[in-house]
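The values are calculated or read from the model by the stated rules, or taken from the named source; none is laboratory data. The shown structure was predicted, so the numbers you read here are calculated from the model rather than taken from an experiment. With ideal geometry, Cβ positions are generated from the backbone for all residues, glycine too; neighbour counts draw on all protein chains shown. Heavy atoms of the whole protein, side chains included, go into the accessibility calculation; ligands, DNA and RNA do not. Shrake-Rupley method; radii C 1.70, N 1.55, O 1.52, S 1.80 Å.
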Amino acid sequence: MGKEKEITTEQQEELDTAFGRAQKALAIIATYDQAKVDRLCQAVAWAVANKKTFLELVDMGIKESGLGDYVSRQNKRFKIRGVLRDALRQKSIGIIEEIPEKGI
């Protein structure tokens, strides 16, 4: 394991705020039916697949981690569309599948 970085009080406050907002959002999303979950996933995927946003995320990721190749990371943008295509209209809430003989 590498040396862990200490976080500042300001960073901890930002994290606490972000986690608080995430918990509130999760409570709302937990009430969604399948159609709303699909729409939410579609909106997130399209926002991230947007060329400008995606390139900003690639740049931030490489700068923060010091890892990766800018060009190959850019090409991963198209995988988002494939995942979106494969995931949409698949059941993702409630009981997805039951296999009683395996206790699942």
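For this structure, a couple of remarks:
- Region 10-31 residues that are under 19 Å from Ile93 (Cβ atoms), paired with ones that are open to solvent by 90 Å² or more (accessible area, probe 1.4 Å) (beta carbon under 9 Å, 6 or more apart): Ile29/Lys36
- Some residue of region 79-88 being surrounded by 10 or more Cβ atoms within 10 Å (Cβ to Cβ), in a helix (DSSP H, G or I), more than 18 Å from the chain's Cα centre (by Cα) and not basic (Lys, Arg): no
- Test: residue in region 92-103 that is open to solvent by 50 Å² or more (accessible area, probe 1.4 Å), more than 30 Å from Lys5 (Cα to Cα), touching a residue at least 40 places away in the same chain (Cβ under 8 Å) and part of a helix (DSSP H, G or I): no
- Residue, nearest to Ile96 (Cα to Cα), within region 32-54, restricted to residues that are open to solvent by 80 Å² or more (accessible area, probe 1.4 Å), in a helix (DSSP H, G or I) and in contact (Cβ under 8 Å) with a residue 12 or more places away in the chain: Trp46
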